[in-house]
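Heads up, the thing below is written out as structure tokens.
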């Protein structure tokens, strides 16, 4: 029997808007049967796929949620804007994800599979059971920056601007193929990790939760599937720790570090137990 999540906190209007957006993103690709596509549209889809996964894994997850490296205030804002291109809220994501780690695989977890597939995959996107105040309290290090607090309130602004620009430059089919399909990736990639990487299998470390590594998701999501490694070293910039655990996101972060845009990438070797801020 699935455990019950704490009482819902979202208003009807908030849940309706989120549900409507999710439904719209799933319906848009159906129009491609009428509009048709070009090979260049699918090439752009692949490019945007890598950008989407990197924005979610490298910026939202490893930086905003866990501070796995350091950067300047200006580049921090650029990372938040980049994540916002995919309707991602850096502050909100960080707060919710830290709650996930604090209560991993319990009834207080914001998206644990022990509460059922639907809640873990879709329901928690609509209402995870926490108030905005509780979520923001977990991300108060980020809300201290006015520009990030502004983006939290208007997280959809970068996505609307970029979406309209893609549609204007490339046309409707390019917009849906390259951008719309990757909004589906932005919805389902984290949900897939939440669900399949908490089954208690494929574990390198005996963590107190059910986190697990997934070979399929590790490769598909450029290193984000090594989830048991992540729960052992949550503040690490590197999640692939063993042979046959590639972590392309980490290597891309190394490139940014070599360019001087980020620095002090945190590694498992120096993250001893009890010495991880997030």
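Quick one: order 111, 26 by neighbouring beta-carbon count within 10 Å, fewest to most. All intermediate terms of the calculation are to be shown ahead of the outcome.
Values: 111 25, 26 14.
Lowest count first: 26, 111.
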Item to check | Label selected from (i) 122; (ii) 142; (iii) 230, the criterion being volume of the Cα convex hull per residue in Å³ as computed here | outcome: (ii)
Next on the checklist: I'd like the distance between the alpha-carbon centres of the range 41-104 and the range 222-242, rounded to an integer number of Å.
Outcome noted: 15
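With runs of 4+ DSSP H residues as the only contributors, calculate the mean residue ellipticity of the chain at 222 nm using -39,500 (n - 2.57) per run, divided by the residue total and rounded to the nearest 500.
For the chain, the value works out to -14000 deg cm²/dmol.
Using mean Cβ contacts within 10 Å as the protection proxy, how do 182-192, 230-240 order, highest first?
Working: 182-192: 19.8, 230-240: 23.7.
Sorting 182-192, 230-240 by mean packing, highest first, produces 230-240, 182-192.
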Item to check | Spin-label proximity, residue 103 to the range 136-159 - amide N less than 16 Å from point 7 Å beyond Cα toward beta carbon | outcome: 136-139
Checklist entry - Most fluctuating residue of 218, 20, 200 in a GNM of the chain with Cα springs under 10 Å: which is it? => result 20
Checklist entry - What's the exposure ranking of 99, 30, going from fewest to most Cβ atoms within 10 Å? => result 30, 99
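Bear in mind that the values in this text are calculations on the coordinates, not laboratory data. From a predicted model like this one, the values you see are computed outputs, not experimental measurements. Because the Cβ atoms are built from the backbone with ideal geometry, glycine has one as well, and the counts that use them run over all protein chains shown.
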